[in-house]
Each structure stands twice: as C-alpha cells, then as structure tokens.
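Please read the structure below before turning to the comments.
The values are calculated or read from the model by the stated rules, or taken from the named source; none is laboratory data. As the structure is a computational prediction, the values presented were derived from the model and not from experiment. As a convention, Cβ positions derive from the backbone with ideal geometry for all residues, glycine included, and neighbour counts pool all protein chains shown.
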Amino acid sequence: MENLTPGWSGLRVPKACILGLGLIGGSWAGALHLAGWEVFAVDPEKASIDEAVRRGWIKTGWTAMPKFLEVDLVVLALPLQELTKGLDQLVGKIPKGAVVTDVGSLKSEICKKSGTVDQKGTRDFHFVGGHPMTGSEQSGFEVADSELFRGYPYVLTPTADCPRDVVQALVKLVEGFGAKVVFRDPMDHDVDVAMVSHIPHLLAVSLTLATQDAGKEGVSALELAGRSFRELTRIADSSPEMWKEIMVKNADAILGGLTLWEEKIRELRECILQGDGESIAEAFRKAHEVRDASILSS
C-alpha cells in the first residue's frame, strides 16, 4: 500500500479507520467523509455500523478488529479505560508509517503508553494525542454530527519523537473540519481540562442535587428552574460511566482545581456575609471581562 503521509496527498483517496462509533468517533467519520476520505470503522454495535453505512459516512465496518487495516489514519474513539488496550491492538495491524490519534479526555496516560506500545522494539506507526473540546450530554452514533468540531478548540499533544510533517498533516486535517488547533503538553492538558471541563461537570451535578434538597417539604425548587439553571446544569445529563472514569483518573488535577474554586466561592460568600455589594459587582465585572476576552473572542 502506498503510504500517503506526510499530508496524505497522493494519487489515491486516503483511507481511515475509526475505532468506536460513538458521538465523537461517529462525528470524525462524518467529517472525514466530507473531506473526501474513504472511511471504515470498528464498533461492537452492528446497528451503529449499519447506520454509518446508511448515512454514507463509512464504506464498511466490523464488530471485531480485522487482522490488518490498510489505512493511512486510525482514530481511537474508544472509552477512556480502553484506549491503551486499543493502542496495543494496532501493533502489527496497520501499515508502517500510518498515523494514529485518539480523542480521549485525558492525555498523560495514552501519550506515555504510545512510546512503549511495542515491547519488541520501536513501534512502526506515529501517534499524536488529540482531544476535541466539544461534545454533548448525549452519547452514541445517533447524535454524531459531521460538523461537530467546527468553531471549537481541538487539542493536539504530539510527543517529541513525532515527525513535524506528521503533526502538520493532522493539523491541516483538523483545521479542515473547522476546528481551532491548540497544542498542549499532555500533563498540562489534563490540568487545564480539569478546570474547563471536569469541574464544571461536578458543579452541574452538585448544584442539581443541592437544588433537589432545597425548598419546603413537598415543594421542589426545581419547579422554578428557568433558562439559566437549565443551561448551567445541562451537562449533569452526561454519561455516568464515562465521567466516573475521568474523575478517578484525573483526581489530582481536579482536586487542585477545586481548591482554587473553593477559594473564590469563599471570597464571594464573605462578601455576601458582609453585605459588600460593590465587591460582588466587581467580581461579576471581572468575570465578564475574562470570559469575553478568552471564550467569546475565540
């Protein structure tokens, strides 16, 4: 098979295989299809494969890993606890020089594993860690969207031994999906996402449970929940199994982030106790400036 990296440019159509047709893996399949790739998939749920074929996003798929995948790119879109095992399964099953990326919520473990995946010698494929900073509280292929990545950050965590042209090929591909590529060290990534993703999920869950207990007996405060509460707690509907794994595996970063948040909430609590309305208003003004400058401007 003619290897098309770097840049996946050649006389033939580039080929990719998605391992896992959930929300993110399915969206990758759709985005690659729109980009002109020939896409295959592996997923234990035949219904997901059939639906992906029906949409025209993949050519075919399998419910178990084939003996060999003649592809240029493999996207590991497996549950977090299965990612390193998925990496092991690729040894000797994809062409030399192929590119492998993942979409996991944590990067330290998988990036460390990528350097030792082949115990018999040097691995013969290139690995670039990835994490699209978009998603949904819903899961499964049925909610996959070929435009899911457009307008959102997409983190890449290449290791030092990954060739520059391989990284640039993946950057070009992801930017073609409409995403904004951001580079991070794997450990720094895990600390950062604790603040912008993992802790917000904890806050959504804890606020929902606290509100359930609020109000007089027999009268639920949730009956009054309007748009702000619904938006703030939407992610409490996310997969319990997925978030169980994330919270346990990224415990140190999450606990550190919670300490920072607790300091801020204590400061605001003290302002309320003291009746210091001006300091409360100043906190709102500062948060407004920070959010506008960082999130809304990106």
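Numbers below:
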read-out	value
Some residue of the range 76-92 being over 14 Å from Ile24 (Cβ atoms) and more than 23 Å from the chain's Cα centre (by Cα)	yes
For Leu73: the one exception among (1) out of contact with any Pro (no Cβ under 8 Å at 6 or more places or on another chain); (2) within 29 Å of Ala160 (Cβ to Cβ); (3) surrounded by 24 or more Cβ atoms within 10 Å (Cβ to Cβ); (4) not basic (Lys, Arg)	(1)
Helices (runs of 4 or more DSSP H) completely within the range 195-287 that count 3 or more residues being touching a Leu at 6+ places or on another chain (Cβ under 8 Å) and touching a residue at least 60 places away in the same chain (Cβ under 8 Å)	240-249
Matching residues in the range 156-180 - criterion: being farther than 24 Å from Ala251 by Cβ and either outside the structural domain of Val99 (by TED's automatic domain parsing) or crowded, with 18+ Cβ neighbours inside 10 Å (or both)	Leu156, Pro158, Cys162, Val166, Val167, Ala169, Leu170, Leu173, Val174, Phe177, Ala179
Candidates Lys59, Lys112 - the one that is out of contact with any helix residue (DSSP H, G or I) (no Cβ under 7 Å at 6 or more places or on another chain) and either among the β-branched types (Val, Ile, Thr) or at pLDDT below 95 (or both)	Lys112
Selection count, the range 175-189, where residues are assigned to a strand (DSSP E or B) and farther than 22 Å from Ser108 by Cβ	1
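Condition check ((1) exposed (fewer than 14 other Cβ atoms within 10 Å of the Cβ); (2) at pLDDT below 95; (3) not assigned by TED's automatic domain parsing to the domain that holds Leu78) across all residues:
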{"position": "Leu202", "(1), (2), (3)": "no, no, yes"}
{"position": "Glu217", "(1), (2), (3)": "yes, yes, yes"}
{"position": "Arg230", "(1), (2), (3)": "yes, yes, yes"}
{"position": "Pro240", "(1), (2), (3)": "yes, yes, yes"}
{"position": "Glu270", "(1), (2), (3)": "yes, no, yes"}
{"position": "Ala281", "(1), (2), (3)": "yes, no, yes"}
{"position": "Arg291", "(1), (2), (3)": "yes, yes, yes"}
